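Report on the structure given below.
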Amino acid sequence: MKDTTARLYQAHEFAERVRVTVRTLHHYDHLGLLKPAGRTASGYRLYSERDFARLEQIVALKFIGFSLKQIRDLLNRKAFDLPATLRLQSTILKEKRRHLDLAIQAIERAKRLVTSRASSREPDWEAFRKIIEVINMQQNTEWMKQYYTEEARQDLAGRSTPEVIEQGQRDWAALIKEVEAAVAAGMDPASEQSQGLARRWQTLIDAFTGGSAAVAAGLKKLYADQSNWPSSFKKPYSDAVGAFICKAAEARKQGKQ
């Protein structure tokens, strides 16, 4: 039974108190997220004190990344695994924080370079290139998440500090450069030097997966689906490098048998 003595607010009054727009209230009503407590004789929406709590829940869940459909299902108590979804949102936020940390580090380096060259007429554009590189890295790798399970994402987020990422990028760049040189020189994939390159390649992969079967499975799915990679993504190494490493790894495997 509704409490007829409770104070009711028209949409514009309610919107002003909770600092949202009337249009937002209409949208939430349309989605079934926040139905008004009643309506005036003229059909205008009316909201009660109880609706404040409901809206606070919507705002809080929206802030941490839930979609409006997820929020509706959760608040309406439909089939919804809240603990699992919260874990996933935590992983996503940690990933965003990691990218922001990288961007902040790039900006701080640019500030130091600009300050040190304040007397120069030309700014150090290399510093700004690094900022763009970090931003593009975030945008260009977002699509990769579809290949990893929640478990794998959580594992990667827990181990992927800015320092670890930068070190990994340096190690991969150096190794790929050496493999490119080996390919250009026509080196035999079965040679001892090639075996060393294959061994280092596997070591870097193991460092990325961290012994996680879920991460390893996601990485395998990612590279098995190369034909569907976005055209904007630049593969870190050429097909020739990939083929060389595969042959070297196979030769290394046979040598162990």
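The values are calculated or read from the model by the stated rules, or taken from the named source; none is laboratory data. Everything quoted here is computed from the prediction, not taken from an experiment. All Cβ positions, even for glycine, are placed from backbone atoms using ideal geometry, and neighbour counts span all protein chains on display.
Answer yes or no as to whether A152 is small (G, A, S), at pLDDT 85 or above and either assigned to a helix (DSSP H, G or I) or surrounded by fewer than 15 Cβ atoms within 10 Å (Cβ to Cβ) (or both). It would help to see each step written out before you state the result.
Numbers: small (G, A, S): yes; at pLDDT 85 or above: no; either assigned to a helix (DSSP H, G or I) or surrounded by fewer than 15 Cβ atoms within 10 Å (Cβ to Cβ) (or both): yes.
Judged against the criteria, A152 is not a match.
Six or more apart or on different chains, Cβ under 6 Å: which pairs go from a residue in region 52-67 that's of a type in the set (S, T, Y) to one that's assigned to a helix (DSSP H, G or I) and modelled with pLDDT of 80 or more? Could you list them?
none
Do the conditions hold for V215, that is, is it touching a Leu at 6+ places or on another chain (Cβ under 7 Å), under 16 Å from A248 (Cα atoms) and surrounded by 16 or more Cβ atoms within 10 Å (Cβ to Cβ)?
The answer is no for V215.
Would you point out the residue of region 184-203, among those that are buried (at least 16 other Cβ atoms within 10 Å of the Cβ) and of a type in the set (A, V, I, L, M, F, W, C), that is nearest to K235 (Cα to Cα)?
W201
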